[in-house]
Amino acid sequence: MTQSARLYFEDVELGDEIGPAIVTVADDQVVDFCSLWGNPAPNRFTDQEQAEKVGLSEPIVPGIMSMALVSRVLTDWAGAGTVEDLDLVFRGTIPHNQPLHVGFQISDTDQDESGNHIQCDITMTGPVPDRPYIIGTARLNLPSRG
Amino acid sequence: MTTYLDLHCHSVASDDSRATVEQYLKFINVLRKRGNTVDGIVLTEHRQFDFDVDYSQLAAEYGVLVLKGAELDTCFGHMLVYNITRGLAKDIDFGDVKMDGRELIKAARHHGGYVVPAHPGRFGIGLVEYMEQGESFDDVSMVELVNAGSKPEENERAQALCQQNGYLGTAGSDAHLASHIARAVTEFKAEIRSEPELVEALLSGEFRPVYLEETAAAPVG
């Protein structure tokens, strides 16, 4: 998946598959994110001992960082300012330093006075097609050629 | 007459699903345009059943059969219940996540319904786990052999369970997103138009689990 010059409503069809984009979250990125977020390290997201104290086998990627990651992949594809809604269900903990596969599939389209909308189903998995870490949907508003 | 039904899916009525029933039906028509055969779905919402909701208008609009069941939590894992009647709903508390699975199976049959243990090979919560702990289930004769939301090794455990016990196997997508609908379906050798006919077809044993790809060359009707 590469950055879109400009994506139009007419460019997508129900059922289209996009991606997967493959991203990896490194340890130092989580530390930086936690610092900006106001939850400085060490914590369960950055430190093995802190993670084990709350029953995790290892530090995990924060949920809010995963949402940011998915948002970025969406806007890289569709363009800035297009995401109207993002609704994710976390089904597993997301590890650091592992390839994360973020894929979309267009699951609905509609046009009304508020714009040209598409709904994408979202999955984030590890490298092996498996039960996803995240499922969810995003609603985007795209420009029309018309 | 052959009927391909997805026997396990969740709409937004289930708290962890993000697909409306209409989105499922729209997506099934996308699959049909790609050459797949999907005749209908059975909505199996978590821990609930709504007698009042009526999808017949949507079903007619999109040409897809929509039946209703439920996926209930029990002390022996999740169980899919088909042809739910008011009598069953009176005898069983669908919201009781620790209900006795054996009692559910008996009650469903008593009221004309049928129970199929869901994703039995799933680690931690599937029927296989309980059987390995020494539990036995005399009233089980079929399980969900293919669950498209399970890991391959979990479906392999379900396959082994069926082979060891002579169980029949159904299939369902366990979809929680529109694009996941019908990834696995059950192929019946009968026409099915209602929940009682679904139970009749299950009891006949004339069905098999298939993945969506296997429906591509299926004859229409």
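The values are calculated or read from the model by the stated rules, or taken from the named source; none is laboratory data. Small disclaimer: the values here were computed from a predicted structure and weren't measured. Reconstructed Cβ throughout: ideal geometry from the backbone, glycine too, with neighbour counts over all protein chains shown. Ligands, DNA and RNA are excluded from the accessible area calculation, which covers all protein heavy atoms including side chains. Shrake-Rupley method; radii C 1.70, N 1.55, O 1.52, S 1.80 Å.
Per-residue answers, yes or no, for (1) more than 22 Å from B:F188 (Cβ to Cβ); (2) of a type in the set (D, E, K, R); (3) within 14 Å of chain A (Cβ to nearest Cβ):
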| site | (1), (2), (3) |
| --- | --- |
| B:L7 | no, no, no |
| B:D16 | yes, yes, yes |
| B:E22 | yes, yes, yes |
| B:L65 | no, no, no |
| B:L72 | yes, no, no |
| B:Y82 | no, no, no |
| B:G101 | yes, no, no |
| B:L104 | yes, no, no |
| B:G113 | no, no, no |
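All told, B:G35 meets the bar of being within 14 Å of another protein chain (Cβ to nearest Cβ), touching a residue at least 40 places away in the same chain (Cβ under 8 Å), on the phi > 0 side of the Ramachandran plot and not aliphatic (A, V, I, L, M).
Picking from residues in segment A:123-146 that are among the small types (G, A, S) and more than 14 Å from chain B (Cβ to nearest Cβ), the one that is surrounded by the fewest Cβ atoms within 10 Å (Cβ to Cβ) is A:G146. Scanning segment A:66-83 turns up no residue that is more than 21 Å from A:N39 (Cα to Cα), within 14 Å of chain B (Cβ to nearest Cβ) and touching a helix residue (DSSP H, G or I) at 6+ places or on another chain (Cβ under 9 Å). Anything in segment A:23-52 that is in contact with a Leu (Cβ under 7 Å, 6 or more places away or on another chain) and open to solvent by 50 Å² or more (accessible area, probe 1.4 Å)? List them, or say none. Answer for segment A:23-52, where residues must be in contact with a Leu (Cβ under 7 Å, 6 or more places away or on another chain) and open to solvent by 50 Å² or more (accessible area, probe 1.4 Å): A:T24, A:R44. Answer yes or no: is there a residue in segment B:104-123 that is modelled with pLDDT under 95 and open to solvent by 50 Å² or more (accessible area, probe 1.4 Å). Scanning segment B:104-123, I find at least one residue that is modelled with pLDDT under 95 and open to solvent by 50 Å² or more (accessible area, probe 1.4 Å), so the answer is yes.
Out of the residues in segment B:153-202 meeting the condition of being under 15 Å from B:G126 (Cβ atoms) and among the polar types (S, T, N, Q), tell me which one is most open to solvent (accessible area, probe 1.4 Å). Per the stated criteria, the residue is B:Q164.
Screening B:V128 against (1) in contact with a strand residue (DSSP E or B) (Cβ under 8 Å, 6 or more places away or on another chain); (2) of a type in the set (A, V, I, L, M); (3) open to solvent by less than 20 Å² (accessible area, probe 1.4 Å); (4) not in a strand (DSSP E or B) leaves a single unmet condition, (1).
In segment A:108-122, the residues that are more than 14 Å from every other protein chain (Cβ to nearest Cβ) form Cβ pairs under 6 Å with partners that are surrounded by 16 or more Cβ atoms within 10 Å (Cβ to Cβ) and not in a strand (DSSP E or B), at six or more places apart or across chains, as follows: A:N116/A:F9. Do we have B:G149 as touching a strand residue (DSSP E or B) at 6+ places or on another chain (Cβ under 9 Å), within 18 Å of B:R208 (Cβ to Cβ) and either within 14 Å of chain A (Cβ to nearest Cβ) or surrounded by 24 or more Cβ atoms within 10 Å (Cβ to Cβ) (or both) here? Judged against the criteria, B:G149 is not a match.
Just to verify a result, which residue in segment A:53-70, among those that are under 29 Å from A:E17 (Cβ atoms) and without any contact (Cβ under 8 Å) to a residue 40 or more places away in the chain, is most open to solvent (accessible area, probe 1.4 Å)? Taking the candidates together, the pick is A:I64. Number of residues in segment A:4-22 that are open to solvent by less than 80 Å² (accessible area, probe 1.4 Å) and within 14 Å of another protein chain (Cβ to nearest Cβ): the value is 7. Taking segment B:173-196 only, how many residues are within 14 Å of chain A (Cβ to nearest Cβ) and either assigned to a loop (DSSP other than H, G, I, E, B) or more than 12 Å from the chain's Cα centre (by Cα) (or both)? Total meeting the criteria: 10.
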